[in-house]
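Read through the structure below, which is laid out as structure tokens, and then see the notes.
Read the figures in this text as sums done on the coordinates, not as results from a lab. Here the structure is a predicted model, which is why all the values come from computation and not from measurement. In this analysis, Cβ positions are derived from the backbone assuming ideal geometry, glycine residues included, and neighbour counts consider all displayed protein chains.
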Amino acid sequence: MVRLKHISRAAFPPVHSSFSAYDCERIFRRTRLTLIALVAFMLFVNTGVALSQTDSRAELDTVKMRSLLKILSQNQNLDFSRLDSIRLVIPFPAGDASARQTAAHYFQLTKDLNPQTLHGKKIHARPLSTDSLDQIDWPKYHGVLFLKSDSAFVKLMKDICVAYRLLSLSFQPKLLENGVSAAVDIPAESNEPQFWFNLAGIRLEGAEFKADVLRLASYIRDGDRTLKVD
């Protein structure tokens, strides 16, 4: 932070000229006002940049969340036309304050999405600590958003997804290597969503997608291989 130090008259050397005390006073005041204006401008610019970066990140997160929910809605085993809402669990490890905050952030995004995102269907999301997994009616949900890459956490939640036929989703494509079924990423160089699908994970969770949905994929994981789709 830029600090404006107190400027005293003592900071100015004696003036041995025709300047009067009044002239010196005017110079002092003008210098101080100029410095104040400069600092105010710098703070304004820095704040504007910070707000712009924050807004940009929020917009990207919104696009990723919207894209992920659209993938979830395309699961043919959901019978989407008969649903009144899409229901998503956003779990986080118990005691992990950072993960809790991240889950709350994405939960808020689901509340802020346009109702037409899923053709008017409501979006019901629930942040959930791993110490409360027994307090939810899992069969009423359709997908689970994986925000953490910790192997024990991923295995725990993946087992639940398989048991209850919930589609595992993430914003981290590398989690497909741990069995997560679908991911959305937006590379910095393109600003366009990339879709990733794990065919084995999709089968294990009892999901099914039409070929035209899978054709959206930028990458498909098949067994131990991740293939780039041209």
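A few remarks follow.
- Too-long pairs where the Cα-Cα distance tops 24 Å, listed order kept, from LYS70/LYS158; LYS155/LYS210; LYS140/LYS174; LYS64/LYS121; LYS121/LYS148: LYS155/LYS210; LYS140/LYS174; LYS121/LYS148
- GluC sites (Glu not before Pro) lying in DSSP loop within segment 178-230, provided at most 10 other Cβ fall within 10 Å: GLU189
- Cα gyration tensor of segment 137-190 - equivalent ellipsoid semi-axes, whole Å, descending: 21, 13, 8
- Efficiency of FRET between HIS119 and LYS228 - r from beta-carbon atoms, R0 45 angstrom, step 0.05: 0.90
- The length gained on full extension between LEU216 and LYS174, counted as 0.36 nm times the residue separation minus their Cα-Cα distance, comes to 13.3 nm.
- Taking a straight line from the alpha carbon of LYS122, these aspartates and glutamates sit under 20 Å away, with near neighbours fewer than eight places off in the same chain left out: ASP61, ASP79, ASP84, ASP112, ASP137.
- Three semi-axes of the equivalent ellipsoid, segment 58-228, Cα gyration tensor, whole Å, largest first: 21, 19, 18
- At most 16 other Cβ within 10 Å, DSSP loop - chymotrypsin sites (Phe, Trp or Tyr not before Pro), segment 93-144: none
- A simple spin-label model places the labels of LEU133 and ALA200 2.1 nm from each other, with each point 7 Å out along Cα-to-Cβ.
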